[in-house]
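Peer 1: One structure follows; several queries about it will come next.
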Amino acid sequence: MTLLLIPGLPLVSFVILIFFGRRLGRLSPWVSLLALAGSVFLSARLFVSSLHPFSPSAIHFSFLWLPLGGRPIRLGFLADPLSLTMCGVVTVVGWFIMLYSIGYMKGDPRFSRFFAYLSLFFASMLTLVLADHLLLLYIGWELVGLCSYLLIGFWFERPAAANACKKAFITTRIGDLGLLLAILLIAKTTGNLSLMNLSETASRLGPLAPVAALLIFWGAAGKSAQIPLHVWLPDAMEGPTPVSALIHAATMVAAGVYLVARTLPLFLPSPDALLVVAAVGGATSFFAATVACAQTDLKRILAYSTISQLGFMMLGLGCGSAGAGMFHLVTHAWFKALLFLGAGSVIHALHHQEVTRMGGLWKAMPVTALTFTLGAIAMAGIPPLSGFWSKEEIFTAAFGFSHPNLPWAGQALFGLASAVAFLTAFYITRAVLLTFAGPSRDPHAHPHESPAVMTVPLLVLAAGAAGVGLVGSPWLGQLFQHFLGAEAPHGARGPQWIAACSIAVAAAGMGLSLLRYGLGVRLSPGALAPAFSRARGFIFEAYRVDKFYQRVVIDPVTRLARAAFSFDGRVIDGLVNRTGQAGLWASRVKGWVDQTLVDGAVNGAAVTVGKTGAWLRLLQTGLVQNYLLIAAISTVALFLILKGV
Amino acid sequence: MNHPILSWIVFLPLAAGLLCLAVPKRQESLLKAIATGATLLVLVLSAWLFFRFDPGLAGFQWEEKVSWIAPINVWYHLGVDGLSLPLVFLTALLSFVAVIASFRIKERLKEYFFLYLLLATGMLGTFVALDLFLFYIFWELVLVPMYFLIGIWGGPRREYAAIKFFLYTLAGSVFMLLSILTCYFASAPHSFSIPLLIEQGVALAPNVKTWVFLGFFLAFAIKVPIFPFHTWLPDAHVEAPTPISVLLAGVLLKMGSYGFFRISFPLLPQEAVNFSLALGVLGFINVVYGALVAMAQTDFKKLVAYSSVSHMGFVLLGMSGLTAAGFNGALLEMFNHGIITGGMFLLVGVLYDRTHTRDLSAFGGLGSRVPVYAGLLSFFALASLGLPGLSGFVGEFLALLGCYPTHPVITMLSVLGLVLGAAYFLLTLQKILLGPLNSKWAGLAEISRREIFTLAPLMLFVLWFGLWPKWILDLQGPALSALLVKLAVPHSW
Amino acid sequence: MIVPLPYFLVVGAGLFAMGLFGALTRRNAIGILMGIELILNAANLNLVAFNRAWGTPEGTGQVMALFVIGIAAAAAVVGLALILAIFRHRQTISADEIRLLKG
């Protein structure tokens, strides 16, 4: 029952806030903070008890939800290391982001509504995380999508936000179809949708396991913004920045990664399925990193960076290592939440988010600048900050990846990962330099440091971003990976040079960025400049994928819809109306027959009577004297007749 | 049988309707009170049925059986089981809600309520009749008041819509009558009793049975409506006044799908199995085609009407699966579609009453002007697009789950309907609620307490069955299991 | 002196003829009414005369005549009232113009 309370408390807070939010006013965030603190506390207790060697590693609670003849569906909650890890990240990082939001959202007309939505998000997200059943996971999955929709469109008066929230929901829903189909497939084949004993499910699926796995991955790709369903995430930045930090960086988008990690036993039997995950993750990661290099909107840089990092996690998972992927998920949640909140702090001060109009902010906003830089370094992967450790895990996993038919796959993935790490270091350093270093490029700006309610979360997250990586580092004996225990941690650590290589790549990226944006060295050779700028435009528009989808998907569907409508009106309804007209025509013919022939006879009789009547009418003059005269004459005539003339 | 409670439920509205006729037409509040009281009483009685129903029994409960027309062996035979009880309750609920929504009607209130209550009797009777003859009478009884309610109180093209509805449905019923008579003469001794015919089976040559099935199919298909017999629906919905649209979508469409469950499937199990693929294909077409056409709409009400076509497709899919999950899903979806689309039509009406337009492009940004209305509209739209936690999801999911083992490819294609559904509902929400406020509606009034009161019970059930569908599934279970046994298909899900 | 029957009959016939003539030829409704009164009086005369001549019990004819007079008076009242009503409506009592009964 404790398990039920973890998502239950935020749900209660949601209900309270949606009904009484307006009356609570400025108190409303505290309701949700309190509820979430309860969830934090409960998860911590579960966490501690799961560490205890003698307690059962999985705590489980379930109830009958759908009684269906012989095959009822029982839903339940499950606390195992994987879900507790995710649970901890969501609740703890989420709590600080929520705290931060009090400052960020101050003065918004829908202040308490914002916290209501956040509470609903936590309830759904924790349901997703703790679900022991694919169906319950799907329910949470869709609900976090809804919260994402509501929160992206929180400032729905802005047309861009209105478009973005719709796009986010529909795009992720396209992904959700995959998950739904996977559920249908698994349900039909094995009749068991439980998330426990997935390896048994996998063996019962037999050759269908990779199909189910890839369908699940399709769903995960939608939520975690992987190619080809990544288009919604950059637009989702229209939401308030804490939302971007919480939902579109730290937690919800990571749900896809979590899902794949959770269902990894379905992927493991098939190297092909794993390769697809790794390849898509790697490609997404590389693609998004290049786009991030060209963006000028601070939040969009971070958005593409998130896509890239999520791809990176997928790459790790695709290499068969749940530990690597999940570890990066955890560290990423901290440093990316930090980066977003830092960006939010900057936006809060400047009221715009164009890095080209920033610069020199470190003097005005020292805390923000410091913590943001820390987050950037953590993401770039410089030891001993958290990003380094988790990236190294992924490098190791990639290097160790083996595919029976493609012996070079591991090396290729490793190369791809290195390139991504290089680009990551490059663009995040660029963002830091453009934002905080150098002279201010906007003379009208009067930046100021954010209030304590915003800077305290920044500091806490910065501490986390710096330190959380240690739990998975070899210094602490890879505690985290042992705790997850999903698979045997890599007995043999990767060669030492992998760590060195990782540091070198990150340093190279940062150095190049420093050269270009810190010292102003022009890197593009003069002759190539035009080509370079054209390429940059193309990359800036994210390879014009949006336009491509508009032309290839949205427009045809719209046209198809119109065609269907006109088909409906002209052909089908036309047929109905034609039938109706035919009926009408037939009845007219029959009406004519009736009138002329049948009615003719009837009317003929009537007409005869009428005519006679009209003629007889002449007798009735209405003059009393006429009648009297006739009466007299008739009497006389009667007499004469009676006399027998 | 101790108390003829079903007769009370069925004929209370009729009695109240006759009472309305005796009331002077100036006394509008009295008329309203009579109609409200009668429907409320029916609602209370059917709720009582709901709670007192014994879900452990597969057979009919509260049966009433009185000889009616002895020479041709017609019985006045009523009864409910897990199949019909949710629908009786749905009808009672929507009738009550729609009466409240009818308070805005200004003209000829007396005739309106008489016809309305007559309609209620017809609908309730259809769901509890266990004699084909009686069923047919109630079925046809629904048409007449509906015709007048659309034709007199409807929109600009009301006469066209009313006649189209009437003739179309009547054309279908004629074939049903033929099928009923065929079944009647095939039984020995001649009988109209549904339970008896089910028990005996219809003793006809297979090809004749096919024709009988098709006869029933045509009648039910028009009512559901199944593509390509659906075009009366948008016209009738758009022209009908709001409360009538609610009943039309909420109850009348269910009469068609109920017919499949009550008559076609158990009476002709072999044919049902033979036609399962066809039903699945038609379900797919309904889902996807309905959604596509809905997407192209500019009229809010028409959009909701086409979304009904799409949702009823899920009912068909569930039905075609011939599995416990599919049947449960189909029945649940019928109920859910009733309350969700009923709510949608009420909300369309709320907006139309204030703005006198249903053109989607005429709105914009209402979310900031009327937040409560926006919340309610979003709620029902989300329920309609199948958001988990709200009841629409459970029905759709079960329908798909049940259809998948039988027709995997069709199911895989049909899930596209979910995306399209999300697309057109979100597009609608965006056009109406989001974006900058259209200055034309700067003075728009917020939804009133009375209107919220009509929506509140529907919301309650949307949430309830979304979160805890077990309750209603327990109720349906035994009846559906019996039906599955009858169909003799391998049991899965 | 006993006046023989034919004398009465001749006078009666004369009265009748005058009355009929008046009723048929007058345009004035009152004239028509007066003609009718004459016809009735002719009948009265005949009734009394026949009673005397055929020795029916004394008084039978006279009583009949008295009835006729009474009825005639009533008829005249109704007739005159009708004529008055018609006059009020139409400002005329010419029988030619009163043809409400024309078919």
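The values are calculated or read from the model by the stated rules, or taken from the named source; none is laboratory data. Keep in mind the model is a prediction, meaning the values are calculated, not measured. Positions of Cβ are backbone-derived with ideal geometry, glycine not excepted, and every protein chain shown enters the neighbour counts.
Peer 1: Within segment C:87-97, which residues are of a type outside the set (Ser, Thr, Tyr) and either in contact (Cβ under 8 Å) with a residue 12 or more places away in the chain or surrounded by 11 or more Cβ atoms within 10 Å (Cβ to Cβ) (or both)? Don't jump to the end; show me each part of the working.
Peer 2: Step one: list which residues in segment C:87-97 are of a type outside the set (Ser, Thr, Tyr), which gives C:87-91, C:93, C:95-97.
Scanning segment C:87-97 gives C:87, C:90, C:93, C:95, C:96, C:97.
Peer 1: Let me ask something additional. For a quick check of your reading of the model, give me the residue pairs whose first member lies in segment B:99-111 and is over 14 Å from residue B:34 (Cβ atoms), whose second is surrounded by fewer than 18 Cβ atoms within 10 Å (Cβ to Cβ) and not β-branched (Val, Ile, Thr), with beta-carbon atoms closer than 7 Å and at least 6 apart or on different chains.
Peer 2: Every condition considered, the pairs that remain are B:104/B:353.
Peer 1: Return yes or no: is residue A:120 more than 8 Å from chain B (Cβ to nearest Cβ), in contact with a Ser or Thr (Cβ under 7 Å, 6 or more places away or on another chain), crowded, with 23+ Cβ neighbours inside 10 Å and modelled with pLDDT of 90 or more?
Peer 2: So residue A:120 does not fit the description; no.
Peer 1: Same structure, new question: Considering only segment A:200-211, I want to know if a residue exists there that is more than 15 Å from the chain's Cα centre (by Cα) and within 14 Å of chain B (Cβ to nearest Cβ).
Peer 2: Yes: segment A:200-211 contains one or more residues that are more than 15 Å from the chain's Cα centre (by Cα) and within 14 Å of chain B (Cβ to nearest Cβ).
Peer 1: All but one of (1) within 14 Å of chain B (Cβ to nearest Cβ); (2) exposed (fewer than 10 other Cβ atoms within 10 Å of the Cβ) hold for residue A:565, so report the exception by its number.
Peer 2: The single condition residue A:565 does not satisfy is (2).
Peer 1: So which residues in segment B:18-57 are surrounded by 13 or more Cβ atoms within 10 Å (Cβ to Cβ), of a type in the set (S, T, N, Q) and either touching a strand residue (DSSP E or B) at 6+ places or on another chain (Cβ under 6 Å) or part of a helix (DSSP H, G or I) (or both), if there are any at all?
Peer 2: Matches in segment B:18-57: B:36, B:39, B:46.
Peer 1: Related question: Name the pairs: first residue in segment A:150-172 and more than 8 Å from chain B (Cβ to nearest Cβ) and more than 20 Å from residue A:553 (Cβ to Cβ), second residue part of a helix (DSSP H, G or I) and of a type in the set (Ser, Thr, Tyr), Cβ to Cβ under 8 Å, at least 6 apart or on different chains?
Peer 2: A:150/A:117; A:151/A:117; A:154/A:117
Peer 1: Assess whether residue B:462 counts as being surrounded by 18 or more Cβ atoms within 10 Å (Cβ to Cβ), at the interface with another protein chain (Cβ under 10 Å from one of its Cβ atoms) and modelled with pLDDT of 90 or more.
Peer 2: no
Peer 1: Also: Only one of these conditions is not met by residue B:404: (1) over 30 Å from residue A:167 (Cα atoms); (2) in contact with a helix residue (DSSP H, G or I) (Cβ under 6 Å, 6 or more places away or on another chain); (3) facing chain A (nearest Cβ under 10 Å). Which number is it?
Peer 2: Evaluating residue B:404 over (1) over 30 Å from residue A:167 (Cα atoms); (2) in contact with a helix residue (DSSP H, G or I) (Cβ under 6 Å, 6 or more places away or on another chain); (3) facing chain A (nearest Cβ under 10 Å) leaves (1) as the failure.
Peer 1: For segment A:228-284, which helices (runs of 4 or more DSSP H) that fit wholly inside it have 3 or more residues that are hydrophobic (A, V, I, L, M, F, W, C) and more than 14 Å from the chain's Cα centre (by Cα)?
Peer 2: Fully inside segment A:228-284 and qualifying: A:264-267.
Peer 1: If you don't mind, there's one more thing I want to ask. For segment B:465-480, name all the residues that are within 11 Å of another protein chain (Cβ to nearest Cβ) and out of contact with any helix residue (DSSP H, G or I) (no Cβ under 8 Å at 6 or more places or on another chain). Break it down stepwise before answering.
Peer 2: From segment B:465-480, those within 11 Å of another protein chain (Cβ to nearest Cβ) are B:466-478, B:480; that's our starting set.
Scanning segment B:465-480 gives B:467, B:468, B:470, B:474, B:478.
One line per residue, one yes/no per condition, for (1) touching a His at 6+ places or on another chain (Cβ under 9 Å); (2) more than 11 Å from chain A (Cβ to nearest Cβ); (3) touching a residue at least 40 places away in the same chain (Cβ under 8 Å):
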| residue | (1), (2), (3) |
| --- | --- |
| B:376 | no, yes, yes |
| B:390 | no, no, yes |
| B:393 | no, no, yes |
| B:396 | yes, no, yes |
| B:412 | no, no, no |
| B:415 | no, no, no |
| B:446 | no, yes, yes |
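Peer 1: In the set C:100, C:66, C:84, which member is surrounded by fewer than 17 Cβ atoms within 10 Å (Cβ to Cβ), over 12 Å from the mean Cα position of the chain (by Cα), within 14 Å of chain A (Cβ to nearest Cβ) and of a type in the set (A, V, I, L, M, F, W, C)?
Peer 2: Details: C:66 fails: within 14 Å of chain A (Cβ to nearest Cβ); C:84 fails: within 14 Å of chain A (Cβ to nearest Cβ).
That would be C:100, the only listed residue that is surrounded by fewer than 17 Cβ atoms within 10 Å (Cβ to Cβ), over 12 Å from the mean Cα position of the chain (by Cα), within 14 Å of chain A (Cβ to nearest Cβ) and of a type in the set (A, V, I, L, M, F, W, C).
Peer 1: On to the next question. Which residues, taken from segment B:124-178, are touching a Phe, Trp or Tyr at 6+ places or on another chain (Cβ under 6 Å), aliphatic (A, V, I, L, M) and within 14 Å of chain A (Cβ to nearest Cβ)?
Peer 2: Across segment B:124-178, the qualifying residue is only B:162.
Peer 1: Could you tell me which numbered condition residue B:245 fails, if it satisfies all but one of (1) of a type in the set (S, T, N, Q); (2) crowded, with 24+ Cβ neighbours inside 10 Å; (3) within 14 Å of another protein chain (Cβ to nearest Cβ)?
Peer 2: (3)
Peer 1: Looking only at residues that are more than 7 Å from chain A (Cβ to nearest Cβ) and not hydrophobic (A, V, I, L, M, F, W, C) in segment B:417-442, which one is nearest to residue B:349 (Cα to Cα)?
Peer 2: B:428
Peer 1: Can you tell me which of B:358, B:354, B:369 is of a type in the set (D, E, K, R) and closer than 24 Å to residue A:17 by Cα? Give the steps one after another, and end with the answer.
Peer 2: Values: B:358 fails: closer than 24 Å to residue A:17 by Cα; B:354 fails: closer than 24 Å to residue A:17 by Cα.
Exactly one of B:358, B:354, B:369 is of a type in the set (D, E, K, R) and closer than 24 Å to residue A:17 by Cα, namely B:369.
Peer 1: More than 18 Å from the chain's Cα centre (by Cα), of a type outside the set (Phe, Trp, Tyr) and surrounded by fewer than 22 Cβ atoms within 10 Å (Cβ to Cβ): which single residue out of B:268, B:277, B:218, B:292 fits that description? Outline the logic, then answer.
Peer 2: On the way: B:268 fails: surrounded by fewer than 22 Cβ atoms within 10 Å (Cβ to Cβ); B:218 fails: more than 18 Å from the chain's Cα centre (by Cα); B:292 fails: surrounded by fewer than 22 Cβ atoms within 10 Å (Cβ to Cβ).
Just one listed residue meets the conditions, B:277.
Peer 1: Of the numbered conditions (1) buried (at least 24 other Cβ atoms within 10 Å of the Cβ); (2) farther than 22 Å from residue B:58 by Cα, residue B:192 satisfies every one except a single condition; which is it?
Peer 2: Checking residue B:192 against (1) buried (at least 24 other Cβ atoms within 10 Å of the Cβ); (2) farther than 22 Å from residue B:58 by Cα, the one that fails is (2).
Peer 1: What do you reckon, is residue B:455 under 23 Å from residue B:336 (Cβ atoms), facing another protein chain (nearest Cβ under 10 Å) and not acidic (Asp, Glu)?
Peer 2: Against the criterion (under 23 Å from residue B:336 (Cβ atoms), facing another protein chain (nearest Cβ under 10 Å) and not acidic (Asp, Glu)), residue B:455 does not qualify.
Peer 1: One residue is enough: does segment A:125-140 have a residue meeting the conditions of a type in the set (A, V, I, L, M, F, W, C), within 11 Å of another protein chain (Cβ to nearest Cβ), closer than 25 Å to residue B:428 by Cβ and under 14 Å from the mean Cα position of the chain (by Cα)?
Peer 2: yes
Peer 1: Another question, if that's okay. If you go through segment B:213-230 one residue at a time, how many are touching a residue at least 40 places away in the same chain (Cβ under 8 Å) and within 14 Å of chain A (Cβ to nearest Cβ)?
Peer 2: Looking only at that region, the number is 8.
Peer 1: Residues of segment A:574-623 being among the small types (Gly, Ala, Ser) and within 14 Å of another protein chain (Cβ to nearest Cβ), which ones? If you could, list the steps in order and put the result at the bottom.
Peer 2: Going residue by residue through segment A:574-623, those that are among the small types (Gly, Ala, Ser) are A:574, A:580, A:582-583, A:586-587, A:591, A:600-601, A:604-606, A:610, A:613-614, A:622.
Result: A:574, A:580, A:582, A:583, A:586, A:587, A:610, A:613, A:614, A:622.
Peer 1: Out of curiosity, is residue B:369 in contact (Cβ under 8 Å) with a residue 24 or more places away in the chain and more than 25 Å from residue B:312 (Cα to Cα)?
Peer 2: yes
Peer 1: Six or more apart or on different chains, Cβ atoms under 7 Å: show the pairs whose first residue is in segment A:183-203 and in contact (Cβ under 8 Å) with a residue 60 or more places away in the chain and whose second is β-branched (Val, Ile, Thr) and not in a loop (DSSP other than H, G, I, E, B).
Peer 2: Final answer for the pair search is A:193/A:183; A:193/A:186; A:201/A:186; A:201/A:190.
Peer 1: Of the conditions (1) in a helix (DSSP H, G or I); (2) under 21 Å from the mean Cα position of the chain (by Cα), residue B:226 clears all except one; give me its number.
Peer 2: So residue B:226 meets the others, but not (1).
Peer 1: Also: Kindly indicate which of A:376, A:419 is in a helix (DSSP H, G or I) and either charged (D, E, K, R) or surrounded by fewer than 24 Cβ atoms within 10 Å (Cβ to Cβ) (or both).
Peer 2: Just a single option satisfies the conditions, and that option is A:419.
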